[in-house]
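Asker: Before I ask anything, here is the structure I am working with.
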Amino acid sequence: MNLFNKRWFQILVGLILAFLLIYLLYITRFIFDPAFKYIGAVAFPFIAAGLLFYLTKPILKFLMKYKVPKIVAIILIFILIVLVGYLFVIFIIPIAQDQYTKFVKNMPSMIRGAEDVIDYIKDNQSIIPKEVYETLDNIMANLQTYFESFMTFLFSFISQVVGFLFSLVLVPFFLFFMFKDSDKFIPFVTQIFEPKKASNLRNLLRKVDQTLSSYIQGQLLVSLSIGIMLFIGYSIIKLDYALSLALFGMMMCIVPFIGPFIAVIPAVVVGVFEDPMNVVWIAIIMIIAQQIEGNFISPNIMGHVLRIHPLTIITIILAAGSIAGFVGILFAVPFYAVVKVIIVHFWETYQDTRKNKEDALI
């Protein structure tokens with residue numbers, strides 16, 4: 001058989017050409033700087049509109065199912081979004097802001113309390129090696145500095161968020177046209193292909209759409225459910241800053257798998273200073289919330305569409321975090337899920353084509 005007709009050789013040549021193309025794009029990247037700047041300018045409103053689109057897409061389908069005109073349904077969804085935002089600003093943010101202010105004011109006294117506990121333990125036992133105490137003393141001596149650094153990072157992050165808020169003006173426009181023209185996207189993309197390839201591409205785009213829809217709707221609704229359950233649990237044990245801690249937990253649970261573990265850290269810190277027994281109650285609350293989420297909420301909301309192993313998720317998150325920071329952590333899993341869907345689709349297409357050729361030869 002001719003070497004050029006061998007599959008492994010064709011794949012090898014394809015990979016070499018792909019890497020050459022990537023290298024050429026890299027060394028000529030200055031040509032694309034204006035395009036990258038434009039993409040960076042519209043990235044946030046586009047992504048925000050996309051999240052809202054997938055989150056409210058079931059509402060649009062529900063309204064259109066009952067013969068509500070599409071434009072009217074879109075207007076009703078906009079009214080609903082504005083109403084939810086208004087209620088959040090009026091009722092949730094003031095309470096969370098008040099609790100956050102109290103937490104910042106109480107931080108020095110909490111640090112002094114921790115220092116007193118460590119000093120008491122040091123004076124009343126001799127089992128723990130002195131190196132451990134030296135490490136603890138170093139941590140406590142610099143705890144205020146660590147906290148101030150964290151606050152500086154937080155204020156820097158808030159300033160960036162404020163900058164993003166100016167981009168929110170574009171979000172309603174992006175969202176409106178996503179709703180209005182979403183059903184025209186696939187026909188527009190596939191119109192240049194021959195019927196067989198167009199059908200295959202439509203199937204792929206529907207799979208990608210289903211994957212993104214399942215992930216975004218599922219992850220946000222799961223985070224909201226966990227946030228509500230944490231707030232109820234923290235309120236039952238009368239934990240200070242219950243609403244703020246629950247909101248933090250809800251935001252952290254957007255990060256798959258490791259988010260819930262990060263979510264309880266501030267609650268544990270606050271709970272220890274109130275009553276060490278609170279650590280046990282907080283652990284019980286998180287376990288109950290995780291069990292309800294894992295056994296009832298996630299299977300019904302997200303189903304088994306993603307099919308990603310937890311170890312794979314951890315690896316992806318760690319790699320994305322080291323490369324792109326917190327933004328990488330947020331988008332790594334859905335990006336991986338979409339890439340996986342594309343690869344599996346083309347592999348299945350290749351297998352079907354190969355099988356059809358073999359059947360034709362028989």
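Any read-out appearing in this document is the output of simple, stated calculations on the displayed coordinates, not a laboratory observation. It should be emphasised that the depicted structure is a prediction, and the values quoted were computed from it without experimental measurement. Virtual Cβ from ideal backbone geometry, glycine too; neighbours counted across all protein chains shown.
Asker: Going down the list Lys180/Lys357; Lys180/Lys340; Lys37/Lys180; Lys37/Lys105; Lys57/Lys355; Lys61/Lys196, which pairs span over 31 Å between their C-alpha atoms?
Answerer: Check vs 31 Å cut-off fails for Lys180/Lys357; Lys37/Lys105; Lys57/Lys355.
Asker: Round to the nearest 0.05 the FRET efficiency obtained for Gln290 and Ile95 when R0 = 22 Å and r is the Cβ-Cβ distance.
Answerer: Once the sixth-power term is evaluated, E becomes 0.30.
Asker: Going by how many other Cβ atoms sit within 10 Å of their own, how do Tyr241, Tyr100, Tyr23 line up, fewest first?
Answerer: The order, fewest Cβ neighbours first, is Tyr23, Tyr100, Tyr241.
Asker: Can you give me the distance in nm between label points at Leu168 and Leu25, each placed 7 Å from the Cα along the Cα-to-Cβ direction?
Answerer: In this crude label model, Leu168 to Leu25 measures out at 3.4 nm.
Asker: Further question on the same structure: Return the distance in nm (one decimal) between the two label points of a simple spin-label model at Lys340 and Val42, each offset 7 Å from Cα along Cα→Cβ.
Answerer: 3.1 nm
Asker: If you rank Val72, Val333 by fewest surrounding Cβ atoms within 10 Å, what's the result?
Answerer: In increasing order of surrounding Cβ atoms, one gets Val72, Val333.
Asker: Turning to a different aspect of this structure: When a footprinting reagent is the concern and you count Cβ atoms within 10 Å, what order do Phe53, Phe174, Phe91 take, fewest first?
Answerer: By the 10 Å Cβ count, ascending: Phe91, Phe174, Phe53.
Asker: Extension gain Val279-Asp352, at 0.36 nm per residue separation less the Cα-Cα distance, in nm?
Answerer: Gain on extension, Val279 to Asp352, equals 20.7 nm.
Asker: For a label point 7 angstrom out from the Cα of Lys102 toward its Cβ, which stretches of the stretch 215-246 have the backbone nitrogen within less than 15 Å?
Answerer: What the label zone holds, given the 15 Å backbone N cut-off, is 234-246.
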